[in-house]
Amino acid sequence: MPNIIKVFSGNANPVMAREITDFLNIPLSEAEVKQFSDGEIFVEIKENVRGADVFVVQPTCTPVNDNLMELVIMVDALRRASARRITAVVPYYGYARQDRKVAPRVPISAKVVAEMFMAVGVRRVLSMDLHAGQIQGFFNIPVDHLYAAPVILEYIKDKFSDVVMVSPDAGGVERTRAFAKRLNAGLAIIDKRRDRPNECEAMHVIGDVKGKTAILLDDMVDTAGTLCNGAATLMKHGAKEVHACCSHPVLSGPAVERLTNSVISSLVVTNSIPLRGDALQCEKIKVLSVSKLLADAIDCIHTEGSISSLFV
């Protein structure tokens, strides 16, 4: 078993990497990651990693392709420097939404990314709240799939009462039901449908939200259109106020503007993706840290312990 642990970080989320190493009581290992003027990525490992158990912290968030290439090139550098085992710590797994063929002649990009990881020498993957759990099956190596639920549940318990958990679509019902069960709260579902082509979506609420604090739950928020429309529907159905929770704040395009102008009182996210630009200034967005959760998982992996204790 490797007895030396080293944690490296790309440029995607160095703050999280430093928080993780603080919890592990080790320094963040040194690596130079930069781009040439033509955009090519250069990586140089600045310390000895021979025989080490290495963890590379790099969510593949915006800019997705740059961060993905940083990760695979860094892993290749570490493998060629004789690291004993390399674990990719990917709190947010980019391309996860392309996990199956939904039309003829389209790729399964989540599988392509998995193949890239394995090809360059990743021997284990640690991720959180994958868009589809079956992505774990795209890998021929161990995948540890964490959930942000313990952190988000604790926040909801401390801040809100008389809540009803709401799934913004049919696909998120299982996740939302699990939260509702642990909070001993009600469950509601927003049903979206188009009666005829080119007509606006009709949104119906299945469940009782009248006079309650409604909490929309999703794995990620991208453009925030579904979330904001769902919140407006909940208010029309008598909800006292609407809050939203998600693991991954992708927040692309008009997302922040939509959130600012929406009836959503707050959006609770984790630091799996660092906030940028307008999102940093948005008073409605509250960030919870999952760095300790990831640090505990890294420690369990390094010591060959069980990570099941990190689930709720």
- Message: Can you find a residue that is out of contact with any His (no Cβ under 6 Å at 6 or more places or on another chain), under 28 Å from residue 22 (Cβ atoms), in a strand (DSSP E or B) and among the β-branched types (Val, Ile, Thr) anywhere in segment 216-223?
- Response: yes
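Table: residues versus (1) buried (at least 18 other Cβ atoms within 10 Å of the Cβ); (2) in the same structural domain as residue 180 (by the TED database); (3) under 30 Å from residue 10 (Cβ atoms).
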| site | (1), (2), (3) |
| --- | --- |
| 218 | yes, yes, yes |
| 228 | yes, yes, no |
| 232 | no, yes, no |
| 259 | yes, yes, yes |
| 265 | no, yes, no |
| 271 | yes, yes, yes |
| 276 | no, yes, yes |
| 297 | yes, no, yes |
Sole miss for residue 256 among (1) under 15 Å from the mean Cα position of the chain (by Cα); (2) assigned to a helix (DSSP H, G or I) is condition (1)
Restricting segment 29-84 to residues that are in a strand (DSSP E or B) and of a type in the set (Phe, Trp, Tyr), the one nearest to residue 13 (Cα to Cα) turns out to be 55
Per the filter on segment 90-130, residues more than 19 Å from residue 17 (Cβ to Cβ) and outside any loop (DSSP other than H, G, I, E, B) are 109, 110, 111, 112, 113, 114, 115, 116, 118, 119, 120
Scanning segment 4-28 residue by residue, the ones that are in a loop (DSSP other than H, G, I, E, B), touching a residue at least 12 places away in the same chain (Cβ under 8 Å) and over 15 Å from residue 296 (Cβ atoms) total 6
Checking 251, 294, 275 in turn, the sole residue that is at positive phi, under 13 Å from the mean Cα position of the chain (by Cα) and not in a strand (DSSP E or B) turns out to be 251
The condition from (1) assigned to a helix (DSSP H, G or I); (2) touching a residue at least 24 places away in the same chain (Cβ under 8 Å); (3) within 22 Å of the chain's Cα centre (by Cα) that residue 300 misses is numbered (2)
Pairing a residue in segment 98-110 that is more than 13 Å from residue 134 (Cα to Cα) with any residue that is assigned to a loop (DSSP other than H, G, I, E, B), where Cβ atoms lie under 8 Å and the two sit 6 or more apart in sequence or on different chains, gives 101/108; 106/98; 107/98; 109/95; 109/98
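The values are calculated or read from the model by the stated rules, or taken from the named source; none is laboratory data. From a predicted model like this one, the values you see are computed outputs, not experimental measurements. Ideal geometry is used to build each Cβ from the backbone, glycine not excepted, and the neighbour counts take in all protein chains shown.
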